[in-house]
Amino acid sequence: MMVPSSSLTVLVISFFLSFFAAQAVQVPFHSQDLLPLLPRQVSWPILNYLNSALDLLPTFVGAASSPNDTVQWKGACFYNNTAWMEFHNKTGSEFGGGTLHVKVSKAHSWTCIDLYVFVTPYRVTWDYYFLSREHTFEFKEWEGKAEYEYVKNRGISIFLMQAGMLGTLQALWDVFPLFTNTAWGENSNIRFLEKRMGATFEQRPQPWVTNISTNDIHSGDFLAISKIRGRWGGFETLEKWVSGAYAGHTAVCLRDSEGKLWVGESGHENDQGEDIVAVLPWDEWWDFELTKDDSNPHIALLPLHPDLRAKFNETAAWEYALSMNGKPYGYHNMIFSWIDTVSGNYPPPLDAQLVASVMTVWNQIQPAYAANLWNEALNKRLGTEDLDLPDILVETEKRGSSFGELLTIPEQDDWLYTDGRSTSCIAFILEMYKEAGLFGPIASSIQVTEFTIKDAYTLRFFENNSSRLPKWCNDGDNVKLPYCQIRGKYRMELPGYNTIDPYPHMNERCPSLPPKYYRPQNC
């Protein structure tokens, strides 16, 4: 068999690299450094194997605060690195500035590059190094006393892009398709979830849409939705990865006094492109999912257990739903249902330092958007008002706490934000369940804004007798799920479904690390 010339090139390069390695000689280049120079059909499959979308996430290596407090770490290119901070006042300003010294050595090849991001609550900047020597990065002036004091006490946070310059560019190419509305994007999301969560995507026999009889759907029945392509597909993929949920969106069914079926949904996009809480006729909602939702939604109906259905107070549920109808989606507390612990909710290389840095970036790029997402919620945790993100970080430090600890403070369902009560898709449903009496006497000690989608579908609220499921449930599928999948090419899996009885302060201190997402009892 004749070897293509491009493959021969790879074989030759691999041979020489192996030879140098065997002789214990430092090679002048590294195989990964040369891959982008090879023909695309050769290099990109290898780069795709070596790198992933997660290589976009920088890793916190330390904080440099003074010459007497050096930071040491191993880089992706340079294996021996140290950094320290020198304060000065070259500009004659009130609080002066500083010089960050970064000394790098012991590169693994002559052609590699280390890429760094430097962060304070007031700024984000970056630099890259490819020469073994001491480098400096100038901060001409601090923003004021608050930044000066912060850097003096906490230092400049240093983040390493583990994949290096070329790997980071490759990772950008990997993360891009997650959000594209294409078959490429859908397959990228599937591969990500298979690799990072151990999810399986088994194809169901057709038809992939169930011929539903709505007479079998009742108030309180739960709709679990998983989108795998487009903007929401990419967002849900990342949400599933960090939380352990195998669905990314939810809705709930309601019947009115005349028997008409409706769907309540937090996260419905209105005509102005805003995500709001909406109560829609079933026919309108279902028609959209069948004909207009281009995210390839997979949908499962989770019927309530008959005992819970008998307790469900439709009047109270409707009063709550109508009180929220038209309100903005719960962006304020969206991330806080996921973060319960200081370190047990961050899949590597995520951590609280990185979350703070991402928030800092967003705070500079879109301050109004950042304020809506987390500033107001963080103020509530501190008991303060109107502090922006830098002031929040400084105030947290003054109190002897950490940003990681601040993020773990449980959200309270009765917190009022500037635009009212804030509910994500799942908090909206579970708050309705509280109002309808499903949590019984412990309702006041349950904060549903602390629940993820996984936390919701693992509640022991749903039908546990398959003989009572509707006749059309999983029609035509040779695998009988304990719930009714009503749309989707792939079989939906909900690990832990219908297994946990509610208890006071549920889901306020639960870790969620992939791929097992182990959950201690009574967390």
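The values are calculated or read from the model by the stated rules, or taken from the named source; none is laboratory data. Bear in mind the structure is a predicted one, so any value in this text is a computation, not a measurement. Ideal geometry is used to build each Cβ from the backbone, glycine not excepted, and the neighbour counts take in all protein chains shown. The protein model used for the area step is the full one, side chains on, heavy atoms only, and it has no ligands, DNA or RNA in it. Shrake-Rupley method; radii C 1.70, N 1.55, O 1.52, S 1.80 Å.
Things to note:
- Taking the C-alpha atoms of segment 196-305, convex hull volume expressed per residue in Å³: 132
- Three-way shape label, segment 425-467, alpha-carbon gyration tensor, a/c 1.5: oblate
- Using the 1.4 Å probe convention, the accessible area of segment 386-523 works out to 43 Å² per residue with neighbouring protein chains retained.
- When peptides 481-491, 285-295, 444-454, 181-191 are ranked by their average number of other Cβ atoms within 10 Å per residue, the highest-first order is 444-454, 481-491, 181-191, 285-295.
- Across segment 192-319, the mean sequence separation of Cα contacts (distance under 8 Å, 6 or more residues apart), normalised by length, yields a relative contact order of 28 percent.
- Between GLU138 and SER323, the contour length at 0.36 nm per residue exceeds the alpha carbon distance by 61.2 nm.
- Modelled spin-label separation between LYS471 and ASP127, with each label point placed 7 Å from Cα along the Cα-to-Cβ direction: 7.4 nm.
- Applied to segment 202-218, the Karplus parametrisation 6.51 cos²θ - 1.76 cosθ + 1.60 on θ = phi - 60° returns per-residue 3J(HN,Hα) values of 8, 6, 8, x, 6, x, 8, 10, 7, 7, 7, 9, 5, 4, 8, 9, 10 Hz, with x for Gly and Pro.
- Point-to-point label distance, SER401-ASN478, nm (Cα→Cβ direction, 7 Å offset): 5.6
- Sparsely packed GluC sites (Glu not before Pro) within segment 203-280, loop by DSSP, other Cβ within 10 Å at most 11: GLU258, GLU274
- Probing with 1.4 Å while keeping every protein chain in the model, the per residue accessible area of segment 201-357 equals 40 Å².
- Within the shell of other residues whose beta carbon sits under 15 angstrom from the beta carbon of ASN379, the net charge comes to -4, with Lys and Arg scored +1 and Asp and Glu -1.
- Spin-label pair GLU274-ALA183: with each label point 7 Å from Cα along the Cα-Cβ axis, the two points sit 4.0 nm from one another.
- If the segment from HIS88 to TYR503 were pulled out straight at 0.36 nm per residue, it would be longer than the present Cα-Cα gap by 143.8 nm.
- Taking the accessible area of segment 201-306, probe 1.4 Å, and keeping the other protein chains in place, the carbon and sulfur fraction comes to 46%.
- Computed extension length for TRP110-LEU416: 104.5 nm, one decimal, from 0.36 nm per residue of separation with the Cα-Cα distance subtracted.
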